[in-house]
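K.L.:
Below are the structure tokens for one structure; questions will follow.
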Amino acid sequence: MSGFVWGLVVGLASGLVIAVAALIGVWAERKIAARIQMRYGPQEAGPAGLLQTLADTIKLVLKEDITPTQADVRVFRVAPFLVFVPIAASLAVVPFAAGWAPFNIASGALFFLAVPSLSVVGVLLAGWSSRNTYASIGGVRGAAQMVSYELPRTLTVLSLCVLAGTVSTVGIHDAFRWWWLPLNIVGFLVYFISSLAELNRGPFDLPEAESELVAGYFADYSGIRWAIFMMAEYGGIVAASLFGAALFFGGGLGLPGVFGALAFMAIAGFIAIAMIWVKWTFPRMRSDQLMNLAWKVLTPMALVQLLIAGVVAAWL
Amino acid sequence: MPLEIESRTSIESEEGLPVEELVVNVGPSHPSTHGVGRVVVHLDGEIVVRADPVIGYLHRGIEKMAENRTYLQVVPLTDRLDYVGSMYANWAYCRAVERLADIRVPERAEYLRVIVCELQRIASHMMGVGASAADTGAFTMFIYAFDVRERVIELFETLCGARLTYNYVRPGGVSQDAPEGWTDDVLAFCAAMPEQLSEMDTLFFGNTIARGRLKGIGVLSAEDAVSWGASGPTARASGVNWDLRKHDPYSVYPRMEFDVVVGERGDAYDRGRVKLLECYESASIIVQAISQMTRGAYKADGLQRLITPPAGDAYDHIESARGSLGVYLVSDGSPRPYRMKVRSPAFCNLSLLPMLAVGHTLSDLVVILGSLDPVFGEIDR
């Protein structure tokens with residue numbers, strides 16, 4: 001029973017973490033994008049525009065929640081949550097400190113890889129239930145893309161599992177050695193790129209490609225349900241950066257105590273900023289180029305990484 | 001041709017299953033239709049089977065309205081044709097009027113016209129390059145391009161007070177002389193611009209993803225470009241060396257030294273890059289024009305407000321940012337045009353879309369549309 005209570009606590013906490021991260025993330029993204037584009041970004045609401053997202057959130061909550069008349073109503077209403085919940089759930093296995101994760105389960109890495117990919121169902125259903133051609137195309141694109149990029153992402157995490165000799169996220173975190181950094185550099189790059197594609201972030205934001213599909217699978221959403229899609233996106237950034245830092249950099253590079261925690265936050269923050277940076281610099285890819293990248297470039301690279309990890313693990 | 005949006009052709013799949021085309025109505029309110037363009041796209045999966053542009057959403061009847069106004073009152077109407085490059089329509093119309101009424105334009109006015117039109121070319125090309133970059137998702141490139149465009153708009157604001165609809169070129173000259181120090185500002189802009197342009201060149205045209213998105217997309221052969229009446233950067237990107245400033249020189253262009261930028265492959269990449277490279281040439285023309293310009297009258301002496309040309313007709317064309325922009329005027333001897341007809345380069349270029357888009361994906365369709373640089377004010381008129 002205590003496990004159930006703890007589950008509720010962790011669930012609420014990760015929801016809250018994502019909500020706060022989305023508040024800060026939207027602000028940070030707007031500020032960074034503005035800096036890249038020689039603009040100021042939000043600056044009126046609160047110091048340096050920090051309260052802008054809060055104001056936007058209040059606006060979104062108060063807005064009418066429109067359901068298109070032609071939509072498949074029940075599916076349409078539930079789809080945003082199907083995207084959001086798996087991503088929030090994945091935070092439960094983040095190894096925040098040595099030997100500790102909210103849920104220290106033996107198959108943590110598998111949980112992290114498997115559960116967030118369930119959000120593909122939400123994307124597909126959101127696109128389908130809207131009864132809108134743009135949304136349908138966006139949903140199908142999203143499904144194809146997220147399923148394809150599962151593979152390279154899984155393979156890179158798998159090479160870490162091979163090195164650490166465990167599929168527990170806490171185990172991988174604790175087994176970190178400094179020489180993993182040069183060894184896994186290719187793996188980390190593949191992980192970073194695949195994460196961008198998993199999250200439908202630029203340059204892989206084809207499912208929502210605003211210049212082609214207006215807003216893709218969430219074109220017909222408004223108000224709070226739209227906000228949940230945005231929260232899922234920023235929650236995904238948070239999860240991908242936290243896991244990237246925890247698994248590939250051993251959290252805080254194996255540093256003790258406060259230094260470790262600080263280094264962990266710094267590395268995760270840098271990964272998140274790099275995701276924003278990439279989005280505002282590169283053009284968007286086309287769907288066939290996206291598939292080519294996944295299957296012809298990233299998957300072979302991840303396989304080579306796995307081979308190297310296997311050889312090193314056997315040699316040790 | 002009436003468009004039946006609901007008609008869907010069924011395609012035979014290999015397994016014998018019934019497969020239907022997906023009809024997507026892109027526009028008239030869509031982020032990438034550059035205004036109020038509309039394209040009815042028939043998709044097989046993501047491949048375009050048919051693309052029909054539907055025009056007329058911005059039709060204001062400018063050609064008809066011109067028949068009820070005096071020759072001078074038509075100039076503000078021409079501002080609203082190609083609203084990204086208003087100076088061109090002003091000038092093309094004024095040249096037709098001047099030919100019709102036999103008005104001689106002072107030299108200083110010709111130089112001012114060349115300067116503003118080359119500045120306009122930079123502003124218009126920045127819109128074209130930036131918007132087609134935004135079509136591929138490179139929104140930062142769009143902002144960079146608009147930064148350059150904004151500098152030009154500020155120069156125009158200093159010159160004539162307007163930012164978009166200038167009403168600057170008038171029959172017989174220009175509306176007002178350049179203010180004190182304006183040419184220095186223009187020279188400073190021309191000196192600073194190449195660095196910004198080369199930054200954009202590396203940021204976007206040097207980017208691997210952008211090259212992958214633009215190269216080989218919407219290839220237009222030189223033969224097709226000529227036979228479909230394409231002009232401007234669209235034709236030049238296909239290797240057609242045709243520029244009215246060089247090949248049917250008007251105004252003081254014969255005194256300018258510049259190169260015509262000609263592409264090779266005729267794809268979206270070349271169409272975009274030709275526009276970017278033309279901006280360097282425009283800057284060089286502006287510098288030459290300012291150094292050659294002398295003081296003097298900026299409009300023809302003794303020209304009456306109510307221009308009453310003799311009965312007859314006149315056609316004149318100039319090289320606008322989109323191609324050969326022509327204005328045909330018929331006069332019945334009254335102070336109002338009997339008929340005005342605009343030969344719109346954007347219209348001819350847009351007519352290539354159904355041919356270029358077939359076989360590409362929906363993502364490429366918006367890239368091709370953007371690379372043709374349509375301005376619907378001029379297409380719909």
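The values are calculated or read from the model by the stated rules, or taken from the named source; none is laboratory data. Everything numeric in this text was worked out from a predicted model, so none of it was measured. In this analysis, Cβ positions are derived from the backbone assuming ideal geometry, glycine residues included, and neighbour counts consider all displayed protein chains.
K.L.:
Mind checking which residues of the stretch B:20-59 are closer than 12 Å to B:PHE376 by Cα and within 12 Å of chain A (Cβ to nearest Cβ)?
P.N.:
Of everything in the stretch B:20-59, those that are closer than 12 Å to B:PHE376 by Cα and within 12 Å of chain A (Cβ to nearest Cβ) turn out to be B:THR33, B:HIS34.
K.L.:
If you don't mind, another one. Looking at the stretch B:145-167, is at least one residue under 20 Å from the mean Cα position of the chain (by Cα), aliphatic (A, V, I, L, M) and within 14 Å of chain A (Cβ to nearest Cβ)?
P.N.:
yes
K.L.:
For B:SER86, state whether it is more than 14 Å from chain A (Cβ to nearest Cβ), of a type in the set (Ser, Thr, Tyr) and buried (at least 17 other Cβ atoms within 10 Å of the Cβ).
P.N.:
Numbers: more than 14 Å from chain A (Cβ to nearest Cβ): yes; of a type in the set (Ser, Thr, Tyr): yes; buried (at least 17 other Cβ atoms within 10 Å of the Cβ): yes.
Answer is yes for this residue.
K.L.:
Let me spell it out: the conditions are (1) surrounded by 22 or more Cβ atoms within 10 Å (Cβ to Cβ); (2) within 14 Å of chain B (Cβ to nearest Cβ), and A:GLY235 meets all of them except one. Which number is the exception?
P.N.:
Exception for A:GLY235: condition (2).
K.L.:
Still on this structure, I have one more. Looking at this structure, is A:GLN305 surrounded by 23 or more Cβ atoms within 10 Å (Cβ to Cβ), at pLDDT 85 or above, part of a helix (DSSP H, G or I) and not hydrophobic (A, V, I, L, M, F, W, C)?
P.N.:
yes
K.L.:
Specify the residue that is surrounded by the fewest Cβ atoms within 10 Å (Cβ to Cβ); the eligible residues are those in the stretch B:33-58 that are of a type outside the set (A, V, I, L, M) and touching an Asp or Glu at 6+ places or on another chain (Cβ under 7 Å).
P.N.:
Filtering the stretch B:33-58 for residues that are of a type outside the set (A, V, I, L, M) and touching an Asp or Glu at 6+ places or on another chain (Cβ under 7 Å), the one surrounded by the fewest Cβ atoms within 10 Å (Cβ to Cβ) comes out as B:GLY56.
K.L.:
Could you list, in sequence order, the residues of the stretch A:126-140 that are surrounded by 24 or more Cβ atoms within 10 Å (Cβ to Cβ), in contact (Cβ under 8 Å) with a residue 60 or more places away in the chain and more than 10 Å from chain B (Cβ to nearest Cβ)?
P.N.:
Once the filter is applied, which keeps residues that are surrounded by 24 or more Cβ atoms within 10 Å (Cβ to Cβ), in contact (Cβ under 8 Å) with a residue 60 or more places away in the chain and more than 10 Å from chain B (Cβ to nearest Cβ), the stretch A:126-140 yields A:ALA126, A:GLY127, A:SER130, A:ALA135, A:GLY138, A:GLY139.
K.L.:
State all residues of the stretch A:97-125 that are crowded, with 24+ Cβ neighbours inside 10 Å and small (Gly, Ala, Ser); if no residue qualifies, say none.
P.N.:
A:GLY108, A:ALA109, A:SER119, A:GLY122, listed by residue number.
Rundown of residues vs (1) closer than 19 Å to B:LEU72 by Cα; (2) surrounded by 24 or more Cβ atoms within 10 Å (Cβ to Cβ); (3) basic (Lys, Arg), yes/no style:
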| site | (1), (2), (3) |
| --- | --- |
| B:ALA101 | yes, no, no |
| B:VAL114 | no, yes, no |
| B:CYS117 | no, yes, no |
| B:ALA133 | no, yes, no |
| B:PHE139 | no, no, no |
| B:PHE146 | no, no, no |
| B:ILE153 | no, no, no |
| B:ARG163 | no, no, yes |
| B:SER175 | yes, no, no |
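K.L.:
Residues that are surrounded by 19 or more Cβ atoms within 10 Å (Cβ to Cβ) and at pLDDT 85 or above, at least 1 per element: which helices (runs of 4 or more DSSP H) completely within the stretch A:145-212 meet that?
P.N.:
Values: elements: A:169-174, A:180-183, A:185-198.
By residue number, A:185-198.
K.L.:
While we're here: Step by step: first the residues of the stretch A:213-224, then only those that are in a helix (DSSP H, G or I) and either aliphatic (A, V, I, L, M) or within 14 Å of another protein chain (Cβ to nearest Cβ) (or both), then the one that is farthest from A:PHE84 (Cα to Cα). Which residue is that? Break it down stepwise before answering.
P.N.:
Applying the first criterion (in a helix (DSSP H, G or I)) to the stretch A:213-224 yields A:213, A:216-218, A:223-224.
Then keep just the ones that are either aliphatic (A, V, I, L, M) or within 14 Å of another protein chain (Cβ to nearest Cβ) (or both); that gives A:213, A:216, A:224.
Numbers: A:LEU213: 22, A:GLY216: 17, A:ILE224: 12 Å.
My answer is A:LEU213.
K.L.:
Within the stretch A:93-113, identify whether any single residue is part of a helix (DSSP H, G or I), touching a residue at least 40 places away in the same chain (Cβ under 8 Å) and under 19 Å from A:VAL20 (Cβ atoms), and answer yes or no.
P.N.:
No, the conditions are met nowhere in the stretch A:93-113.
K.L.:
Of the conditions (1) under 22 Å from B:ARG322 (Cβ atoms); (2) free of Cβ contacts under 8 Å to residues at least 12 places away in the same chain, B:SER124 satisfies every one except a single condition; which number is it?
P.N.:
Only one criterion in (1) under 22 Å from B:ARG322 (Cβ atoms); (2) free of Cβ contacts under 8 Å to residues at least 12 places away in the same chain is unmet by B:SER124, namely (2).
Residue by residue, here is whether (1) surrounded by fewer than 18 Cβ atoms within 10 Å (Cβ to Cβ); (2) away from chain A (no Cβ under 14 Å); (3) outside any strand (DSSP E or B) holds:
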position	(1), (2), (3)
B:ALA314	no, yes, no
B:LEU329	no, yes, no
B:SER334	yes, yes, yes
B:TYR338	yes, yes, no
B:LEU369	no, no, yes
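K.L.:
Could you please find all residues in the stretch A:65-74 being at pLDDT below 85 and of a type outside the set (A, V, I, L, M, F, W, C)? Spell out the reasoning first.
P.N.:
Filtering the stretch A:65-74 down to residues at pLDDT below 85 leaves A:65-73.
Within the stretch A:65-74, A:ASP65, A:THR67, A:PRO68, A:THR69, A:GLN70, A:ASP72 qualify.
K.L.:
Could I ask something else about it? Scan the stretch B:122-137 and give yes if some residue there is in contact with a Leu (Cβ under 8 Å, 6 or more places away or on another chain) and facing chain A (nearest Cβ under 10 Å), otherwise no.
P.N.:
Yes; the residues of the stretch B:122-137 include at least one that is in contact with a Leu (Cβ under 8 Å, 6 or more places away or on another chain) and facing chain A (nearest Cβ under 10 Å).
K.L.:
Answer yes or no as to whether B:SER291 is of a type in the set (S, T, N, Q), touching a Phe, Trp or Tyr at 6+ places or on another chain (Cβ under 9 Å) and over 21 Å from B:ASN90 (Cα atoms).
P.N.:
no
K.L.:
Looking at the stretch B:158-186, I want the residues that are free of Cβ contacts under 8 Å to residues at least 24 places away in the same chain and have a partner that is of a type in the set (Gly, Ala, Ser) with Cβ atoms under 8 Å, at least 6 apart or on another chain. Which pairs are those?
P.N.:
From residues that are free of Cβ contacts under 8 Å to residues at least 24 places away in the same chain, the pairs are B:CYS160/B:SER175.
K.L.:
Every residue in the stretch A:287-300 that is within 21 Å of the chain's Cα centre (by Cα) and either away from chain B (no Cβ under 14 Å) or not in a helix (DSSP H, G or I) (or both), please.
P.N.:
Across the stretch A:287-300, the qualifying residues are A:ALA294, A:TRP295, A:LEU298, A:THR299.
K.L.:
Quick one: in the stretch A:272-286, which of the residues that are outside any loop (DSSP other than H, G, I, E, B) and of a type in the set (Val, Ile, Thr) is farthest from the other protein chains (Cβ to nearest Cβ)?
P.N.:
The selected residue is A:ILE273.
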